[in-house]
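Peer 1: Okay, here's the structure, questions in a sec.
The values are calculated or read from the model by the stated rules, or taken from the named source; none is laboratory data. Keep in mind it's a predicted model, so treat the numbers as computed, not measured. Here the Cβ positions follow ideal geometry from the backbone for every residue, glycine too, while neighbour counts run over all protein chains shown.
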Amino acid sequence: AQKITQTQPGMFVQEKEAVTLDCTYDTSDPSYGLFWYKQPSSGEMIFLIYQGSYDQQNATEGRYSLNFQKARKSANLVISASQLGDSAMYFCAMRPTQGGSEKLVFGKGTKLTVNP
Amino acid sequence: EAGVAQSPRYKIIEKRQSVAFWCNPISGHATLYWYQQILGQGPKLLIQFQNNGVVDDSQLPKDRFSAERLKGVDSTLKIQPAKLEDSAVYLCASSLGGAQGNIQYFGAGTRLSVL
């Protein structure tokens, strides 16, 4: 079974500063993918970034980067130069990439608040 | 490119009533998912379709929930009869399908309140 743990219920950051949102995972699958989604108050889940378990480099997408440490089973999201519009819930998720169901298993999320 | 469309956005019903949600996936996406998100939690998969066939419905409460995807495009999720604990946001997602690096794109969800 897969499990995602997000230990930070809430995080605060000043505008223009960087912030790290923690995510640890547990799985017995040899190959898997890790995802981060943003959920504003409007409710839609917005895909941010993906990391494959066999990718050699950490994923980056604009101001988002994923600090992937396979041995520690962590996949932390780093947001650089925070903006007021980054205030939202952030969810870490995973799924196997070989066979089986394609369902995403989500953590409980972290609520990020960006202060002006 | 249009995203995943869901309707209605909000629904309020009384327990034991029936309700249905509709989802139109991104054009060309073979795989469609319904997730349930209870307040304070991450989404949980209810059912996954590949075209119009069910791939995974292991977490769907089949005594009251049903879903269909006619013609492999639009999908409907129904609850009959609703219980108080069904109050949640119901998210529809779609993807191209396949294994490596498959990204699921979500709609805005339907927020259901059961009174």
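Peer 1: Tally time: how many residues in segment B:48-86 are of a type in the set (D, E, K, R), within 22 Å of B:Q17 (Cα to Cα) and in contact with a Ser or Thr (Cβ under 7 Å, 6 or more places away or on another chain)?
Peer 2: The number of residues fulfilling the criteria is 2.
Peer 1: Kindly indicate whether any position in segment A:57-71 is touching a strand residue (DSSP E or B) at 6+ places or on another chain (Cβ under 9 Å), within 11 Å of another protein chain (Cβ to nearest Cβ) and small (G, A, S).
Peer 2: Yes, segment A:57-71 contains at least one residue that is touching a strand residue (DSSP E or B) at 6+ places or on another chain (Cβ under 9 Å), within 11 Å of another protein chain (Cβ to nearest Cβ) and small (G, A, S).
Peer 1: Those residues that are aromatic (F, W, Y) and in contact with a Ser or Thr (Cβ under 7 Å, 6 or more places away or on another chain), I need them from segment A:47-73; list them, please.
Peer 2: Hit for segment A:47-73 is A:Y54, nothing else.
Peer 1: Identify the single condition in (1) of a type outside the set (D, E); (2) outside any loop (DSSP other than H, G, I, E, B); (3) in contact with a strand residue (DSSP E or B) (Cβ under 9 Å, 6 or more places away or on another chain) that A:S101 does not satisfy, given that it satisfies every other one.
Peer 2: (2)
Peer 1: Taking segment A:1-30, which residues are more than 9 Å from chain B (Cβ to nearest Cβ), β-branched (V, I, T) and within 30 Å of B:R9 (Cα to Cα)?
Peer 2: A:T5
Peer 1: Here are some residues: A:Q98, A:Q57. Which one is closer than 30 Å to B:V55 by Cβ and at pLDDT below 95?
Peer 2: A:Q98
Peer 1: Please find, among A:G43, A:G33, the residue that is assigned to a loop (DSSP other than H, G, I, E, B), within 8 Å of chain B (Cβ to nearest Cβ) and small (G, A, S).
Peer 2: Selected residue: A:G43, the only one of A:G43, A:G33 that is assigned to a loop (DSSP other than H, G, I, E, B), within 8 Å of chain B (Cβ to nearest Cβ) and small (G, A, S).
Peer 1: Let me ask something additional. Failed condition for A:Y50, given (1) under 20 Å from B:K44 (Cα atoms); (2) touching a residue at least 24 places away in the same chain (Cβ under 8 Å); (3) in a strand (DSSP E or B), with all others met?
Peer 2: (2)
Peer 1: Let me ask something else about it. Among B:V19, B:V4, which is over 26 Å from A:A1 (Cα atoms) and touching a helix residue (DSSP H, G or I) at 6+ places or on another chain (Cβ under 9 Å)?
Peer 2: Just one listed residue meets the conditions, B:V19.
Peer 1: Please determine, by comparing only the residues of segment A:81-95 that are under 15 Å from A:P116 (Cα atoms) and not hydrophobic (A, V, I, L, M, F, W, C), which one is surrounded by the fewest Cβ atoms within 10 Å (Cβ to Cβ).
Peer 2: A:G85
Peer 1: So which residues in segment A:1-24 are aliphatic (A, V, I, L, M), at pLDDT 95 or above and either exposed (fewer than 11 other Cβ atoms within 10 Å of the Cβ) or assigned to a loop (DSSP other than H, G, I, E, B) (or both), if there are any at all?
Peer 2: Correct list: A:A18 only.
Peer 1: For segment A:101-115, enumerate the residues that are surrounded by fewer than 20 Cβ atoms within 10 Å (Cβ to Cβ) and more than 9 Å from chain B (Cβ to nearest Cβ).
Peer 2: A:K111, A:T113, A:N115, listed by residue number.
Peer 1: Enumerate the strands (runs of 3 or more DSSP E) found wholly within segment B:21-115, keeping only those where 2 or more residues are in contact with a strand residue (DSSP E or B) (Cβ under 9 Å, 6 or more places away or on another chain), over 21 Å from A:G43 (Cβ atoms) and more than 11 Å from every other protein chain (Cβ to nearest Cβ).
Peer 2: Result: B:65-68.
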